[in-house]
Amino acid sequence: MDALRKKINTYSGYDELWSDGRLYIKYYGAAEHEVLFDGRHWQPSESVSETAQLYLSSAAALLDAADKCAQFKYPSGRIYEFLPDDRGRLLPAELFRLLMDDKGLGIDEAIAVLVRAFGKALCGMAEIEPLQELQPRTAFLDKLLRDELKIRQIAFHDSYDVSFRSPVGAVEEGEPIELSIASFGGVTDALLCVYGDDFSQELPMRRAGDMFTVQFIAPSPTALFYKFKINGEHFLCADDDGHSSRVCSGGEGFRLTVYKRGFKTPEKFCRSIMYQVFPDRFGFSDDGTAQAGIEYHLRLGQTPEMHGSIAEPVKWQPRPGEKDYAPDDFYGGTLKGIAKKLPYLKALGIGTLYLNPIVEARSNHRYDTSNYENVDPILGSVGDYVNLCAEAEKLGIGVINDGVFSHTGADSIYFDRFGSYGGVGAHASKASPYFNWFDFRSFPDDYRCWWNFKDLPEVNEEDAGWQDYIIRAENSIVKLWLRRGASGWRLDVADELPDDVLALIRDAAKSEKPNCAIIGEVWEDAVLKVSYGHRRNYALGYALDSVMNYPFRAAAISFARGESDAFALRDFLLSQQHNYPKPMYMALMNLLSSHDVERLHSALGASESLKALDRAQQASFSLTPEQSVRADRLQMLCAVIQYCTPGVPCLYYGDEECLDGAGDPFNRAPFEPSGNSLHNFYAKLGQIRNGSEALMSGEAEFSAAGPDVLIIRRTAESDCIICVINRGSTDFELHNSGLVPLLGSSRDGLVPPCSAEIFKFT
């Protein structure tokens, strides 16, 4: 194979030729050498001196890296992505020559690439005398590089490297952090600049040889940034990857997350696999429960409709004479039906069951609460819920409730806009015990509502009466459902609840059940989230144990679809690892589908953006057989990434059998397991994860072996798991001995195209 063999020329001399303002190098006295790749290293095929061997190996590795750069259409400045891990002393000088002579980069650009590629290793490079006779141009550039580094104002910092930042990652408040930069000779003084929303501090750095160092004490929990001012005029800022550095006049700093001392997340939840259920669409019973619930809602004057079978498509069009679609079609799923499915969930390796809202409401999604205290009669009774939790606990499965506290339904006990509940609601009378829950601009019909939906009046979360009822009272809603058997809460639109209210919810829940999990619906980076004019602190140990990791979903799907590469996915995963508080990082709800986004299988297989389709187009959307087959393979890649990344993998009901669906309501179709498609694959994944301490709680390393291959390494004491995700069209060869396959079809160390493999390292 051509990739395993390189021809390298050495020269006895060279001439410098200038043309059109550019320097060209003319070599003479050529000697050709063949260099072979043995699976790990480049080695000359002939017997040569030690220096020649070192040079030829370095030159071949660089030529290979340059060829890969060109193959994947990367700019020369990103050649560092393809450099070997074992970077010998001669690599910098030879790369300097390649970038300037072969790629036409200027000296400033070339040095910037070298600093990014080699970092601290450039400090104090010693001259290599014998190289003059072997490759005089490289020897000359080696000296030039060393001289330039001594006089230039160049420094280096890597926030992921313990030699520059100790400890790396997020830190507890009050924890000392040692921050360092490497200087190459031209830096005479350095200053640490730390800043945040309400924080600013500058600290002089002390010099010790090639390093400038300072200790910083992390203040109260907050999201901070830092950079370094060098020689009083330039800044050392974060590069595009967020952790390596560049010298500039001004730019973004490195992130530093400070979280609450003593912050812990529930161990059982962190170690579990989660399964999300839309209750009406999963787990059916034929005991008349659902129909009795339909009749209850009809008596209230509401308009529920029961489908004749689960084969009928979901309703999405308005009724005749109505303007808007009403989400009140039901399929008959019940809590008893879900309880019957618990052995099915156990066989998938599930340890946490997340239920979309189950309390009484007008709609099928139940985010328009009518009564927080009761189970919706369509789903069953409080007794059915208590039994579900008890039976789940016997199987080691905890149940998470969906808490919708930022708003209620207009058709509810609390608001009662239509008089369905006897006129005790705030809309009926200012004397209502719930009147102060809501903000009326003009009573009774002009009121604050969630995203201007009149059916969803917003509550005033600072009202003492509301706080008592929902949070603080002995029999508050938060405590009541935990007492009935819940293992935690998922908080709907968490960033629309004030920080102090979220803290109250956490305190109340933990006082009732210390090991319960508090999960927030947050769509962005939870540490940097700004809403209602200020940076939120719910990810810093004050409120949430976990958040729904929608950025993870976006990154994984983008990689699988070929819209981004393995380097970008690696950088994303590293960013979350280093910027989230570790307790929350290990508890992140890593989802790939949910009730609010397109189904994973459809998102992977579609040639177009499903978000761009209107409802009629989404209703008729389907994958071609070819698209479906490809989506199957890509879904397996995503699933392995999901199950092997720290955090809690969340499987949305039906994804195990590649259920399709565009946006709401098509992502909420009924599902009856049949055991086909990827069901066995997910069961095997669950078995592997639940049997591996490394995957449940171990440390993680992320790397990319080219644009198409992501490698995840998880370790915990004696347990080591290596996951290889190969998105490409060719085999990827592993060069590790002692790997025992746990998942996949690897043969002779080759990971097939468009596949994912999991190995145990022995």
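None of the figures in this text is laboratory data; all of them are computed from the coordinates on show. Treat the numbers as computed from the prediction; the structure is a model and nothing was measured. Reconstructed Cβ throughout: ideal geometry from the backbone, glycine too, with neighbour counts over all protein chains shown.
Please enumerate, by chain and number, the lysines with C-alpha under 18 Å from the C-alpha of Lys323, excluding those fewer than 8 residues away in the same chain. Counting by Cα, and skipping residues close in sequence, Lys323 has these lysines nearby: Lys315, Lys454. Taking the C-alpha atoms only, the angle from helix 566-579 to the longest principal axis of the chain is near 70 degrees. Close amide H partners of Leu588, meaning residues 5 or more places away or on another chain with modelled amide H under 5 Å apart, are Val648. Counting only GluC sites (Glu not before Pro) that DSSP places in a loop and that have at most 15 other Cβ atoms within 10 Å, the longest clean stretch of the chain runs over 323-461. For the range 438-562, the dipole from Cβ point charges (+1 on Lys and Arg, -1 on Asp and Glu) about the Cα centre works out to 620 debye, to the nearest 20. Straight-distance candidates among the lysines for linking to Lys260, with alpha-carbon spacing under 18 Å and chain neighbours fewer than 8 residues away dropped: Lys510, Lys529, Lys582. Distance between the pseudo-spin-label points of Ala619 and Asn452 (7 Å out from Cα toward the beta carbon): 2.5 nm.
Per-residue ellipticity at 222 nm computed for the chain from its helices equals -8000 deg cm²/dmol, with DSSP H segments shorter than 4 residues left out and the rest contributing -39,500 (n - 2.57). What the Cα atoms of the range 620-708 give is an Rg and a Dmax of 15.1, 44 Å.
Apply the a/c threshold of 1.5 to the C-alpha gyration tensor of the range 2-152 and tell me whether it is rounded, prolate or oblate. Rounded, because the longest to shortest axis ratio a/c is under 1.5.
Amide H to amide H, with H built 1.01 Å from N, Leu353 comes under 5 Å of Tyr275, Gly398, Val399, Ile400, counting only residues 5 or more places away or on other chains. Within the shell defined by Cβ-Cβ distances under 14 Å, the residues around Pro44 carry a net charge of -2, with Lys and Arg each +1 and Asp and Glu each -1. Restricting the trypsin sites (Lys or Arg not before Pro) of the range 405-503 to loop positions (DSSP other than H, G, I, E, B) with no more than 15 neighbouring Cβ atoms within 10 Å leaves Lys430, Arg448, Lys454.
The charge dipole of the chain, taken about the Cα centre with unit charges on the Cβ atoms of Lys, Arg (+1) and Asp, Glu (-1), comes to about 780 debye, rounded to the nearest 20. Of the chymotrypsin sites (Phe, Trp or Tyr not before Pro) found in the range 496-574, those that fall in a DSSP loop while having at most 14 other beta-carbon atoms within 10 Å are Tyr532. The mean sequence distance of close C-alpha pairs (under 8 Å, at least 6 residues apart), as a share of the length of the range 101-229, puts its relative contact order at 21 percent. Using C-alpha pairs below 8 Å separated by at least 6 residues, the relative contact order for the chain is 9 percent.
The residues Ser76, Ser442, when put in order of fewest to most other Cβ atoms within 10 Å, stand as Ser442, Ser76.
Taking 0.692 mPa s as the viscosity and 37 °C as the temperature, the Stokes-Einstein diffusion coefficient of the range 156-259 based on its alpha-carbon Kirkwood radius rounds to 243 µm²/s. The fewest-to-most ranking of Thr188, Thr265 by surrounding Cβ atoms within 10 Å reads Thr188, Thr265. Relative to the longest principal axis of the Cα atoms of the chain, the long axis of helix 136-151 lies at roughly 60 degrees. A dipole drawn for the range 300-378 from +1 and -1 charges on Cβ atoms has a positive end, and of Leu348, Val314, Gly333 the residue lying farthest that way is Leu348. Across the range 379-386, rounded Karplus estimates of 3J(HN,Hα) from the backbone phi angles (6.51 cos²θ - 1.76 cosθ + 1.60, θ = phi - 60°) give 8, x, 10, 4, x, 5, 5, 4 Hz, Gly and Pro being marked x. R0 = 35 Å: FRET efficiency of Ala121 with Ile25, Cβ-based, nearest 0.05? Computed FRET efficiency for Ala121 and Ile25: 0.85. Scalar couplings 3J(HN,Hα) for the range 34-50, obtained by applying the Karplus form with A = 6.51, B = -1.76, C = 1.60 to θ = phi - 60°, are 9, 10, 10, 9, 8, x, 10, 10, 8, 9, x, 7, 9, 7, 9, 5, 4 Hz; x denotes Gly and Pro. If you wrap the tightest convex hull around every Cα atom of the range 407-458 and split its volume per residue, you get 57 Å³.
Rounded to the nearest whole Hz, the Karplus-based 3J(HN,Hα) values (6.51 cos²θ - 1.76 cosθ + 1.60, θ = phi - 60°) of the range 718-724 follow the sequence 8, 9, 9, 10, 10, 10, 10, with x at glycine and proline.
Close amide H partners of Ala517, meaning residues 5 or more places away or on another chain with modelled amide H under 5 Å apart, are Gly488, Trp489.
Projecting the Cα atoms of Ile177, Leu637, Ile397 onto the dipole axis of the chain, where Lys and Arg carry +1 and Asp and Glu carry -1 at the beta carbon, places Ile397 farthest toward the positive end. When the Cα atoms of the range 390-483 are aligned to their principal axes, the ranges along those axes come out at 52, 26, 25 Å in descending order.
Straightening the chain between Asn460 and Ser309 buys 50.3 nm, computed as 0.36 nm per residue apart minus the Cα-Cα spacing.
Taking Cα atoms only, the orientation of helix 625-644 departs from the longest principal axis of the chain by about 80 degrees.
Within the same chain, lysines fewer than 8 places from Lys150 are excluded, and of the rest, those with a Cα less than 27 Å from its Cα are Lys103, Lys120, Lys227, Lys229. For the range 64-165, trypsin sites (Lys or Arg not before Pro) meeting the loop criterion (DSSP other than H, G, I, E, B) and having at most 15 other Cβ atoms within 10 Å: Lys73, Arg89.
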